[in-house]
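J.: Sending over a structure as structure tokens; questions will come in a sec.
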Amino acid sequence: MSQSNRSKTAFVSPIYSIALTWIVFSVFFPITSLSRFVAAAIISAVVCSCVSARVKSRAEKRAEEPEEEKPKREKKEKKKAEPEKSYGPEVDAILAENKRAQQEMGRIYASVQNTDIKVKIRDIMEISDKIAQDAIADPSDVPQIKKFQSYYLPTTIKLLNAYDRMGSQGIEGENISGTMSRIEEMLDTAIAAYRKQLDSLFANQALDIETDIDVMNTMLKREGLT
């Protein structure tokens, strides 16, 4: 927020608070006597004082903020104010699904106590996010990514949820322990498959690059530059 906007907020906020106080007071207690008028005036003065103190406190806090932190905060505020960029309906849908999946896996990550499983969840989150982001770089991969998001990713999240529920029971029974062990093994398989999926998304780019290299080598030879 710029200096002029902050000054405007510091000036306007107390005025708005006084007006709102009078409106609310008159709704519940119609000002039909001098005593109620005085009461409304006192309450509005108190509210105004509190709002002014809060605005001043926030201004002083920002003034004391280290210079190196200001760009980070301003960038964060700007990001919140700006609407998310659109890449088209199909890509936007992939990014929205990825965001939902990341939030769910993040919740499970915070809940699970097993350190090894946490590492696996973090790997899955990182790779699946890269797969989703590839839709921006290469929209031709959208069908492949949608297939990945429609089955493999939600099934993995389903297994992680089951693991979390069983682990929270605090009981080591044959069914619980056996199922949790199978899920742990399955996560290793899933991570390997996710990495292979990500690698396959770069097949078209690799082919284009290889073609460019061949063309450049041919031209260099033709011009006698090699």
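J.: Among rounded, prolate and oblate, which fits the stretch 77-154 when a ≥ b ≥ c are the square roots of the eigenvalues of its C-alpha gyration tensor, a/c under 1.5 means rounded, and a/b larger than b/c means prolate? Walk me through the numbers before you get to the answer.
T.: Values: a/c = 2.54, a/b = 1.39, b/c = 1.83.
The shape class here is oblate.
J.: Continuing with this model, one more query. Rule-of-thumb check for the stretch 146-197: C-alpha Rg over 2.2 N^0.38 Å? Walk me through the numbers on the way to the answer.
T.: Working: Rg = 12.5 Å, N = 52, 2.2 N^0.38 = 9.9 Å.
Computed over Cα atoms of the stretch 146-197, the ratio equals 1.26.
J.: Ordered by packing density, taken as the mean number of other Cβ atoms within 10 Å over each peptide's residues, highest first, how do 212-218, 148-154, 114-120 rank? Each step should come with its number before you reach the end.
T.: Numbers: 212-218: 10.3, 148-154: 16.1, 114-120: 13.9.
Packing order, densest peptide first, comes out as 148-154, 114-120, 212-218.
J.: Under 5 Å between amide H atoms, partner at least 5 residues away or on a different chain: which partners does Y87 have, H built in plane at 1.01 Å?
T.: The list, which skips near neighbours in sequence, is D92.
J.: What translational diffusion coefficient, in µm²/s and rounded to a whole number, does the Stokes-Einstein relation yield for the stretch 129-216 at 20 °C and a viscosity of 1.002 mPa s, taking the hydrodynamic radius as the Kirkwood radius over Cα pairs?
T.: Estimated diffusion coefficient is 139 µm²/s.
J.: While we're here: With all protein chains present, how much of the accessible area of the stretch 106-226 (probe radius 1.4 Å) comes from carbon and sulfur, to the nearest whole percent?
T.: Numbers: 4320 of 7910 Å².
Solvent-exposed carbon and sulfur of the stretch 106-226 make up 55 percent of the total.
J.: When the Karplus curve 6.51 cos²θ - 1.76 cosθ + 1.60 is applied with θ = phi - 60°, which whole-Hz ³J(HN,Hα) does each residue of the stretch 204-220 get, with x for Gly and Pro?
T.: With the stated coefficients, the stretch 204-220 comes to 5, 5, 4, 5, 5, 5, 4, 5, 4, 5, 4, 5, 5, 4, 5, 5, 5 Hz.
J.: Apply the Karplus parameterisation 6.51 cos²θ - 1.76 cosθ + 1.60, with θ equal to phi minus 60°, to every residue of the stretch 148-161 and state each ³J(HN,Hα) to the nearest whole Hz, in sequence, with x for glycine and proline.
T.: Values per residue, Gly and Pro as x: 4, 6, 7, 10, 4, 5, x, 5, 4, 5, 4, 5, 5, 5 Hz.
J.: I'd like the accessible area for R195, computed on protein heavy atoms only with a 1.4 Å probe and all protein chains in place. Round to 10 Å², please.
T.: Its accessible surface works out to 140 Å², give or take rounding.
The values are calculated or read from the model by the stated rules, or taken from the named source; none is laboratory data. On a predicted model such as this, the values are computed, not experimentally measured, just so you know. Neighbour counts run over all protein chains shown; Cβ positions are idealised from the backbone, glycine included. SASA here: full protein model, heavy atoms, side chains in, ligands and nucleic acids out. Shrake-Rupley method; radii C 1.70, N 1.55, O 1.52, S 1.80 Å.
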